[in-house]
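To start, the structure itself, in structure tokens.
The values are calculated or read from the model by the stated rules, or taken from the named source; none is laboratory data. The shown structure was predicted, so the numbers you read here are calculated from the model rather than taken from an experiment. Please note: Cβ atoms are built from the backbone with ideal geometry, for glycine as well, and neighbour counts cover all protein chains shown.
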């Protein structure tokens, strides 16, 4: 009888792709993939360990799964991903319920890990992350109409607050032909929107082609029939070249949306973070994007409470946010992570101050977000339908301004039934918190 395996995937879309790759390998090995944890023989928890909150979520999830092992028919637990890579053998000591541990360089060993966990045997595989590769073959777990594509792995930026280079290895791009082939495969199964991800998408191609080739990649992907939307995530501002801006501006399939984490605007903080570029360069690229692509939506993430962030540093950041450069914005309180240079920095900021600063920025951004959304009222937007909400008795979806999972939704009425994944024009009638309301334009 086939081993029944269930998955819990935590963290970012890049982690989800790793989960999908492992699902494919297990399916090909003849194991039965089950959606309900309670029916599983083995559960694989693919973890994130970027910040304290992510680590806590991973541990809580493992303990929840362990309850099934003690009280139901679950035989084994496999912990994969960043938590495994970061804490290694220590996981067996701290979480004895865990049977197998595989790091970020060992996803290909998931079959052996599941077999061992099923038998109640301890198993560990911690191959170098630098040697891992991105596999085209995976089980797509996102809705039929959109998928994430990882264009690179690893990171060489070495920001002082970040443990990712140690967990994911050096930066390495995928071959362009490999990415385009995957896009074609996805198009053939009905995917209409692809979201390009990597630790630093703007560096794409530097290591294998000797030049920044993200613009060329976008151009090649756009030639694939059936793909309507190409969405760009995780850009670094210092590598947004003129040629990339031109490609975004002129390529009809490339959504006018960029996720561009800047983390801060104070040069004092940026230097301590070891971020590439400075405030002047950040402002210059924003101005260039806005002037070349007037309807572009910019998303960013910020960190408050970084060691040494003074009131003056935060005031600079606050004023910058108030200027409304970003239509979409998220804020993290600095997480003090061992094995990072910033862990030992002086002038650590207390948690109360971090949370207060975070709240100030998020309140400010809500006003900016609402002002931006009000500009859509009375206009028609192209929306990809994602489903029907029985509570509100309305359909919902996203327009170009909203990325999956992180941004808002558009809820709309329709006189005709609309299938998931269908593009529909929606007239916007009002805003509601971070979302929009409207009605489908049926011709």
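Are any residues in the range 265-282 surrounded by fewer than 22 Cβ atoms within 10 Å (Cβ to Cβ), in contact (Cβ under 8 Å) with a residue 12 or more places away in the chain, more than 24 Å from the chain's Cα centre (by Cα) and farther than 14 Å from residue 345 by Cα, and if so, which ones?
Passing the criteria: 267, 279, 281.
Do we have any residue at all in the range 329-338 that's part of a helix (DSSP H, G or I) and either in contact with a helix residue (DSSP H, G or I) (Cβ under 8 Å, 6 or more places away or on another chain) or crowded, with 19+ Cβ neighbours inside 10 Å (or both)?
Step one: of the range 329-338, the residues part of a helix (DSSP H, G or I) are none.
No: zero hits.
Yes/no matrix, rows are residues, columns are (1) surrounded by 18 or more Cβ atoms within 10 Å (Cβ to Cβ); (2) in contact (Cβ under 8 Å) with a residue 40 or more places away in the chain; (3) within 30 Å of residue 144 (Cβ to Cβ):
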residue: 315; (1), (2), (3): no, no, no
residue: 324; (1), (2), (3): no, yes, no
residue: 349; (1), (2), (3): yes, yes, no
residue: 352; (1), (2), (3): no, no, no
residue: 369; (1), (2), (3): yes, yes, yes
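For residue 204, indicate whether it is assigned by TED's automatic domain parsing to the domain that holds residue 150, modelled with pLDDT under 95 and either under 24 Å from residue 155 (Cβ atoms) or surrounded by fewer than 21 Cβ atoms within 10 Å (Cβ to Cβ) (or both).
Numbers: assigned by TED's automatic domain parsing to the domain that holds residue 150: yes; modelled with pLDDT under 95: no; either under 24 Å from residue 155 (Cβ atoms) or surrounded by fewer than 21 Cβ atoms within 10 Å (Cβ to Cβ) (or both): yes.
No: the conditions fail for residue 204.
Across the range 41-63, which residue is surrounded by the fewest Cβ atoms within 10 Å (Cβ to Cβ) among those that are outside any helix (DSSP H, G or I) and at pLDDT 95 or above?
Checking each candidate, the answer is 41.
Taking the criterion of being closer than 14 Å to residue 436 by Cβ, in contact (Cβ under 8 Å) with a residue 60 or more places away in the chain and in the same structural domain as residue 435 (by TED's automatic domain parsing), would at least one residue in the range 384-396 satisfy it?
So far as the range 384-396 goes, yes, one or more of its residues are closer than 14 Å to residue 436 by Cβ, in contact (Cβ under 8 Å) with a residue 60 or more places away in the chain and in the same structural domain as residue 435 (by TED's automatic domain parsing).
Test residue 301 against the stated conditions and say whether it is closer than 15 Å to residue 268 by Cβ and surrounded by fewer than 19 Cβ atoms within 10 Å (Cβ to Cβ).
No.
In the range 284-311, what residues are part of a helix (DSSP H, G or I) and either in contact with a helix residue (DSSP H, G or I) (Cβ under 7 Å, 6 or more places away or on another chain) or without any contact (Cβ under 8 Å) to a residue 40 or more places away in the chain (or both)?
Residues satisfying the conditions are 284, 285, 287, 288, 289, 290, 291, 292, 311.
Just give me the residues in the range 82-96 being without any contact (Cβ under 8 Å) to a residue 40 or more places away in the chain and surrounded by 17 or more Cβ atoms within 10 Å (Cβ to Cβ), in sequence order.
Answer for the range 82-96, where residues must be without any contact (Cβ under 8 Å) to a residue 40 or more places away in the chain and surrounded by 17 or more Cβ atoms within 10 Å (Cβ to Cβ): 83, 87, 91, 92, 95.
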